[in-house]
Amino acid sequence: MLARIAAICLYSLISLNGSAQQQQSSAPQDITYCELAANPTRFAGKEVRVKAIYRYMFEVQSLESPVCCPRSEGKIWGEISPDLEGRSLELFKRFPEGMGLVLGVFVGTIRTGDAYGDGSYRSELLVNRIQELIHISKSPRQQDNPAWAPANCKGALTHRSGL
């Protein structure tokens, strides 16, 4: 009887440890947009959480840096999953209809190795969750950028702003 109780306790400990490790490995990795754009293949197939500007209009769905990056970076296509639900769907419904500019925290999977969007994007973030909306603008045109969008970043130094 004592051996049976010990076996059950051991099995429970192993099961709990396994599920804790699985939960840890399934948590999205926090990265900055500059890290993502500098080397998207490093994050390919991984779920990440990134603070970014999502610019969208006719045939454009791009992610951009919310701060000036230290060097020229690659372009990232932003694809919002049609399967959003719950809070993510509520936040998505707050995006301006048809076109706009949104600063937010997005969780999704990085895909590389193909041409995305109009074919000039070599990587994509498939957004499966919108965690936070920080700012919203109705105009996606760069000449109309609001004060919260970085401007004149060529040669500018960056500050590291975490997420």
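The values are calculated or read from the model by the stated rules, or taken from the named source; none is laboratory data. Source: prediction; values computed, not measured. Don't worry about glycine lacking a Cβ; one is built from the backbone with ideal geometry, like all the others, and counts go over all protein chains shown.
Among the residues of the stretch 55-74, is there at least one that is β-branched (Val, Ile, Thr), at pLDDT 95 or above and not in a loop (DSSP other than H, G, I, E, B)? So that I can check it myself, show each step before the final result.
Here is the first cut: in the stretch 55-74, the residues β-branched (Val, Ile, Thr) are 60, 67.
From what's left, at pLDDT 95 or above: none.
No, the stretch 55-74 has no match at all.
Is it the case that GLU90 is among the acidic types (Asp, Glu), modelled with pLDDT of 90 or more and part of a strand (DSSP E or B)?
no
It is to be established whether one or more residues within the stretch 84-100 are buried (at least 18 other Cβ atoms within 10 Å of the Cβ) and either in contact with a His (Cβ under 9 Å, 6 or more places away or on another chain) or within 17 Å of LEU36 (Cβ to Cβ) (or both).
no
Taking the condition surrounded by fewer than 18 Cβ atoms within 10 Å (Cβ to Cβ), of a type in the set (Asp, Glu) and assigned to a strand (DSSP E or B), does ASP118 pass?
It is false that ASP118 is surrounded by fewer than 18 Cβ atoms within 10 Å (Cβ to Cβ), of a type in the set (Asp, Glu) and assigned to a strand (DSSP E or B).
Working only within the stretch 38-60, note down all residues that are of a type in the set (D, E, K, R) and over 13 Å from the mean Cα position of the chain (by Cα).
Passing the criteria: ARG42, ARG55, GLU59.
What's the number of the condition GLN131 fails, among (1) touching a Ser or Thr at 6+ places or on another chain (Cβ under 9 Å); (2) in contact (Cβ under 8 Å) with a residue 60 or more places away in the chain; (3) closer than 15 Å to CYS34 by Cβ?
Here GLN131 meets the rest and fails (3).
For the stretch 95-114, which residues satisfy the criterion of being part of a strand (DSSP E or B) and free of Cβ contacts under 8 Å to residues at least 12 places away in the same chain?
Of everything in the stretch 95-114, just one residue is part of a strand (DSSP E or B) and free of Cβ contacts under 8 Å to residues at least 12 places away in the same chain, namely ASP114.
What number goes with the only condition from (1) in contact with a Cys (Cβ under 9 Å, 6 or more places away or on another chain); (2) surrounded by 13 or more Cβ atoms within 10 Å (Cβ to Cβ) that ARG71 does not pass?
Of (1) in contact with a Cys (Cβ under 9 Å, 6 or more places away or on another chain); (2) surrounded by 13 or more Cβ atoms within 10 Å (Cβ to Cβ), only one is false for ARG71: (2).
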